[in-house]
Amino acid sequence: MSKSSEVDVLIVTYNSARTLKKCLKSIKEAVPYNRIIIGDGGSNDDTVKIAESEGAEVYQFTGKDNLIGRIRYKLAEKAEKPWILYVDSDVYLYRNFWESMRHLTKPSIGMAYALQDSPARTLKAYLTSRKLGFITFGNTIVPKDLLLMCQGLLNLNHGEDVFFARFARGKGYKIICLKNHLSFHDKNESDLDQTFIRWAESLGKEKRVIKFFTLELCNVRNVTSLAVEHRSFADLPILFRRSLKMLLSFSREFRKPN
């Protein structure tokens with residue numbers, strides 16, 4: 001591929017040792033990258049060691065800088081290419097990823113990503129549904145200059161993908177979700193529980209009651225809608241257990257004094 005097709009790949013990590021090496025290997029096999037730049041949020045496992053051994057650049061973000069939106073923004077500042085590719089550290093790109101995505105590096109596009117496969121039933125349903133407005137930074141190309149215009153990302157620790165999509169749409173750019181399954185998201189139900197619990201804890205610390213219950217209601221709506229659509233209610237117990245864990249985590253953090 002020509003040099004003009006290259007992108008800078010940006011990855012946010014935290015205790016990602018289990019999946020990072022496979023993630024990086026998939027990127028090297030699928031994408032004509034210029035640099036792989038990693039922002040680590042204070043991992044205490046072998047994440048940084050693995051990243052450096054695979055030739056990635058690693059930057060540490062701790063304390064007040066350890067916000068996922070801020071990390072994504074700061075990594076984009078370090079990028080050189082006009083298009084950047086965000087990949088989650090537990091996502092493995094398929095070999096045909098770039099062949100399907102490269103034609104979307106157009107001036108009218110503000111964000112482009114593809115559907116994903118997953119071993120977790122609830123995540124797989126979510127990742128393969130376009131009707132519910134699925135948006136992700138997990139395997140996503142964006143124009144660097146547009147991303148850097150979105151300075152609101154600097155203060156976000158969750159929901160940064162939806163925030164940026166709304167920003168890009170507001171600027172008149174298209175948001176594209178390819179129907180092709182171009183990556184595998186290596187998360188199981190326990191991993192998902194921990195992700196949602198961290199979101200709930202963060203919202204509890206910030207005393208953001210409305211935002212928390214909006215997140216809860218969205219989870220219920222999405223999984224219930226998919227259950228009705230697929231005529232299967234097997235995922236509902238998982239959803240309700242997860243929601244209870246989120247509520248308990250939110251309440252625990254909310255009651256703590258500032």
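Go through the stretch 26-42 and report how many residues are over 15 Å from PHE97 (Cβ atoms) and over 15 Å from the mean Cα position of the chain (by Cα).
Here is the first cut: in the stretch 26-42, the ones over 15 Å from PHE97 (Cβ atoms) are 34-35, 37-42.
Filter once more, keeping what is over 15 Å from the mean Cα position of the chain (by Cα): 34-35, 37, 42.
Count: 4.
Of the strands (runs of 3 or more DSSP E) contained entirely in the stretch 1-108, those carrying at least 3 residues that are touching a residue at least 12 places away in the same chain (Cβ under 8 Å) and over 15 Å from VAL142 (Cα atoms) fall at 33-40, 57-60, 91-93. Selection within the stretch 158-194: residues that are assigned to a loop (DSSP other than H, G, I, E, B) and within 16 Å of the chain's Cα centre (by Cα). The member of this set that is surrounded by the fewest Cβ atoms within 10 Å (Cβ to Cβ) is ASN188. Within the stretch 99-113, is even one residue under 19 Å from the mean Cα position of the chain (by Cα), buried (at least 18 other Cβ atoms within 10 Å of the Cβ) and more than 24 Å from LEU146 (Cα to Cα)? Checked against the condition, which is being under 19 Å from the mean Cα position of the chain (by Cα), buried (at least 18 other Cβ atoms within 10 Å of the Cβ) and more than 24 Å from LEU146 (Cα to Cα), the stretch 99-113 yields no hits at all. Return yes or no: is GLY69 under 25 Å from GLY172 (Cα atoms), surrounded by 15 or more Cβ atoms within 10 Å (Cβ to Cβ) and either touching a helix residue (DSSP H, G or I) at 6+ places or on another chain (Cβ under 8 Å) or not assigned by TED's automatic domain parsing to the domain that holds VAL142 (or both)? Spelling it out, GLY69 is indeed under 25 Å from GLY172 (Cα atoms), surrounded by 15 or more Cβ atoms within 10 Å (Cβ to Cβ) and either touching a helix residue (DSSP H, G or I) at 6+ places or on another chain (Cβ under 8 Å) or not assigned by TED's automatic domain parsing to the domain that holds VAL142 (or both). Regarding the stretch 149-165, can at least one residue be identified that is modelled with pLDDT of 95 or more and among the acidic types (Asp, Glu)? Within the stretch 149-165 (the criterion being modelled with pLDDT of 95 or more and among the acidic types (Asp, Glu)), the answer is no, since none of the residues qualifies.
Pairing residues of the stretch 224-240 that are over 16 Å from SER190 (Cβ atoms) with residues that are at pLDDT below 70 and not charged (D, E, K, R), at Cβ distances under 7 Å and at least 6 apart in sequence or on separate chains, gives SER225/LEU132; LEU226/ALA125; LEU226/SER129; PHE233/ALA227; LEU236/VAL223; LEU236/ALA227. Checking each residue in the stretch 218-238 for being surrounded by fewer than 17 Cβ atoms within 10 Å (Cβ to Cβ), assigned to a helix (DSSP H, G or I) and either of a type outside the set (Gly, Ala, Ser) or at pLDDT 85 or above (or both) picks out CYS218, VAL220, ARG221, THR224, VAL228, GLU229, HIS230, LEU236, PRO237, ILE238.
If you filter the stretch 75-98 down to residues that are acidic (Asp, Glu) and within 19 Å of the chain's Cα centre (by Cα), you find that the one that is surrounded by the fewest Cβ atoms within 10 Å (Cβ to Cβ) is GLU77.
Quick one: is GLY69 on the phi > 0 side of the Ramachandran plot and either of a type outside the set (A, V, I, L, M, F, W, C) or touching a Pro at 6+ places or on another chain (Cβ under 6 Å) (or both)? It would help to see each step written out before you state the result.
Details: on the phi > 0 side of the Ramachandran plot: no; either of a type outside the set (A, V, I, L, M, F, W, C) or touching a Pro at 6+ places or on another chain (Cβ under 6 Å) (or both): yes.
Spelling it out, it is not the case that GLY69 is on the phi > 0 side of the Ramachandran plot and either of a type outside the set (A, V, I, L, M, F, W, C) or touching a Pro at 6+ places or on another chain (Cβ under 6 Å) (or both).
All told, LEU248 falls short of being at pLDDT 80 or above and either outside any helix (DSSP H, G or I) or touching a Cys at 6+ places or on another chain (Cβ under 6 Å) (or both). Scanning the stretch 41-65 for residues that are closer than 23 Å to LEU146 by Cα and surrounded by 17 or more Cβ atoms within 10 Å (Cβ to Cβ) yields one hit, PHE61.
The values are calculated or read from the model by the stated rules, or taken from the named source; none is laboratory data. Remember, predicted model here, so these are calculated numbers, not experimental data. Using ideal geometry, Cβ is built from the backbone for each residue, glycine included, and neighbour counts are taken over all protein chains shown.
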